[in-house]
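> The structure that follows is given in the form of structure tokens.
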Amino acid sequence: MQKSELEYFRDILLSRKEQIEKNLSGVKEEISELQHQELNDEGDYAAANSDSLVESAIITQQQKELREIENALAKIENGEYGVCEMCEDPIGFQRLKVKPHAVYCIDCREIVEKSNKE
């Protein structure tokens, strides 16, 4: 991969990383506020619990994406970025444009998804 392409993906990854870190900070503040609210009845408790579950799911998903982004940034630094972790072929440029932290090429991703469903 050319240096300009690596810089392009590094910029995208760093921007997304910053956005996720801001999101995580905001969601953690919201959860903290929910925990300190006075709940007057079961309806309030159910609503707060539901909000907390949704926000916890968001945190989990965004933390996973953040780890994948950090992994991709490390690969850029050590010259391994854009290589499929399964078949070791290059991951297509268009795939990386859609998901810059992808670890598998399209074919291997399908294999992994099918094996996870079984």
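Nothing in this text is a laboratory measurement; each read-out follows from the coordinates by a stated rule. Please read all numbers here as calculations on a predicted model, not as lab measurements. Virtual Cβ from ideal backbone geometry, glycine too; neighbours counted across all protein chains shown.
> Which is hydrophobic (A, V, I, L, M, F, W, C) and within 17 Å of the chain's Cα centre (by Cα), of 112, 83, 98?
Values: 112 fails: within 17 Å of the chain's Cα centre (by Cα); 83 fails: within 17 Å of the chain's Cα centre (by Cα).
When all the criteria are applied, what remains is 98.
> Test residue 75 against the stated conditions and say whether it is within 20 Å of residue 14 (Cα to Cα), in a helix (DSSP H, G or I) and free of Cβ contacts under 8 Å to residues at least 24 places away in the same chain. Write out each step before concluding.
Working: within 20 Å of residue 14 (Cα to Cα): yes; in a helix (DSSP H, G or I): yes; free of Cβ contacts under 8 Å to residues at least 24 places away in the same chain: yes.
Yes; evaluated as a whole, the condition is true for this residue.
> Of all residues being under 19 Å from residue 14 (Cβ atoms) and basic (Lys, Arg) in segment 82-118, which is surrounded by the fewest Cβ atoms within 10 Å (Cβ to Cβ)? Just the residue, please.
Among them, the one singled out is 97.
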